[in-house]
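Remarks on the structure that follows.
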Amino acid sequence: MKIEKVLAAPGLTGFYFDDQLAIKEGAVADGTAYRGRPLTPGFSEVRQRGESLSIILLLSSGELACGDCAAVQYSGADGRDPLFLAKDFAPLVEGYLAERLTGLEISSFREQAEKIDILTGPDGKKLHTALRYGLSQALLQASALKSRKLMCEVIAEEYDLPLPLEPIPIFSQSGDARYDHADKAIIKRADVLPHGLINHVQSKLGSSGERLLEYVTWLRRRVDELGGADYRPILHIDVYGTLGLAFRDDLEKIGAYLACLEKAAAPLKLRLEGPVDGGSKGRQIEALVRLREILSTRGCGVEIVADEWCNTLEDVRDFVDAGAADMIQVKTPDLGSLHNSVEAVLYAREHGTGAYLGGTCNETDRSARACVHVALAARPDQMLAKPGMGVDEGLMIVFNEMQRALRLLET
């Protein structure tokens, strides 16, 4: 089976591109939009529509294999690749990449993914992470079509992994509608919730953390009211470094505050993602290591999740080796080719660190489904319901793809 033609189709994602720096600096929400001046290079607005680019491989068998190029909501922040706009990359796919892919024999997904991950563009630089992400999805589907197997089976066989018939816990995110959408996630009995999008001190965290404390208290009560005695989800909240801003990077004070949050969440387990933003990978690792030491001394069981500055497979290994987090988010679009996400999850697991196969609300249904198969093979502790922030749609896409695959694996 060979690739006979390569096409590119522009598309939309399930959310938006947001200028994180502008939002942290006080861009004002105006309905769904933001008022203010963009500060991150490439942005024309603080919030602009999310764009994807489908890579379509026409195969000699007459079948099609597709993958969606997508980049994270906060593109260009914390060492990530810049904004990904379809119009800028479609000509590259149908020209430069098509010349190199046409006639290629579909073989090992892992080998071909590793090759495209180091492929350089006409400028001599590595391809944008979004391009590598989308192309690897298409190559994974092509390998599955050739072998007449599920994508998770292809990954499991090539990495010599078992395929237990157990679902992966799914993490559902609320977006700014953190109360109404938490209700949705509870009613649908999501395994992990709500993310919360706590990305601004005054309006969301509170100058001394009082708004988040109130929210965690409400979440614990709401789980009891709507979920019943047999429902005990994990609370996972992303604070985008705002604790560092509110407490002036005083890690002792942050530790004391997290102990208060833990009491408010009890008996539910609490995870905090991105408590501080060190401004560089080295400083981020140093800060998270120290914060974990403080929490351990206090006997506080809040789990720290690393996200910012942990963008590549190398970054994941460095954070894990340093003991910088209880759990690492493997942010799939940032890692480029999907084989990097597989290896990042496996590395974290092998070294006793929790693995969260994440990504972004700013993806597509196709990339989300491909990630389900990565999760079923690599077995992270949880994976993100995506795309979007509306709970229902992303949870449906990920849950249903997982259930279909599990049922097929049973036969």
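Observations on the structure shown:
- Helix 251-265 axis, angle to the chain major axis (alpha carbon atoms, nearest 10°): 90
- Sorted by Cβ density within 10 Å, fewest first, the residues Glu158, Glu350, Glu286, Glu343: Glu350, Glu286, Glu158, Glu343
- Relative contact order of segment 170-410, taken over Cα pairs closer than 8 Å and 6 or more residues apart, is 17 percent.
- Centre separation in Å (Cα based) which lies between segment 166-190 and segment 64-81: 23
- Fraction of the pair-distance distribution of segment 98-196 above 22 Å, Cα-Cα pairs, percent: 54
- Computing volume of the Cα convex hull per residue in Å³ directly from the structure and comparing it against [x] 138; [y] 128; [z] 184 singles out [y].
- Amide H contacts of Gly354 (H built 1.01 Å from N, under 5 Å, at least 5 apart or other chain): Met327, Ile328
- Going from the fewest other Cβ atoms within 10 Å to the most, the residues Trp309, Trp218 appear in the order Trp218, Trp309.
- Under the Debye formula (equal points on every Cα, no solvent term), log10 I(q)/I(0) of segment 233-379 at q = 0.14, 0.15, 0.17, 0.21 Å⁻¹: -0.65, -0.74, -0.93, -1.30
- Overall dimensions of segment 1-145, expressed as equivalent-ellipsoid semi-axes from the Cα gyration tensor (√(5λ), whole Å, largest first), are 33, 15, 12.
- Backbone phi angles across segment 308-315, fed through the Karplus curve with coefficients 6.51, -1.76 and 1.60 (θ = phi - 60°), yield HN-Hα couplings of 4, 6, 10, 9, 10, 4, 4, 4 Hz in residue order; Gly and Pro are listed as x.
- Remark: segment 230-306 is approximated by an ellipsoid whose semi-axes, taken from the C-alpha gyration tensor as √(5λ), come to 21, 13, 11 Å, largest first.
- Between Leu408 and Thr32, the simple spin-label model (points 7 angstrom out along Cα→Cβ) gives 3.3 nm.
- Computed from Cα positions, the angle between helix 129-147 and the longest principal axis of the chain comes to roughly 60 degrees.
- Calculated [θ] (222 nm, deg cm²/dmol) that DSSP helices of n ≥ 4 give over the chain, each run adding -39,500 (n - 2.57): -12500 deg cm²/dmol
- Calculated FRET efficiency for the pair Asp180/Ser296, C-beta based, R₀ 51 Å, to 0.05: 0.90
- Potential extension, Arg189-Gln202 segment - 0.36 nm per residue separation minus Cα distance: 1.6 nm
- Cross-link pairs Lys24/Lys331; Lys204/Lys269; Lys5/Lys281; Lys188/Lys331; Lys126/Lys188 - those with Cα-Cα distance over 31 Å: Lys5/Lys281; Lys126/Lys188
- Fewest-first sequence of Ser108, Ser174, Ser341 by Cβ atoms within 10 Å of each Cβ: Ser108, Ser174, Ser341
A short reminder: the numbers here are calculations on the coordinates, not readings from a lab. A quick note: this is a predicted structure, and the numbers were derived from the prediction, not measured. Cβ atoms come from the backbone with ideal geometry, glycine included; neighbour counts cover every protein chain shown.
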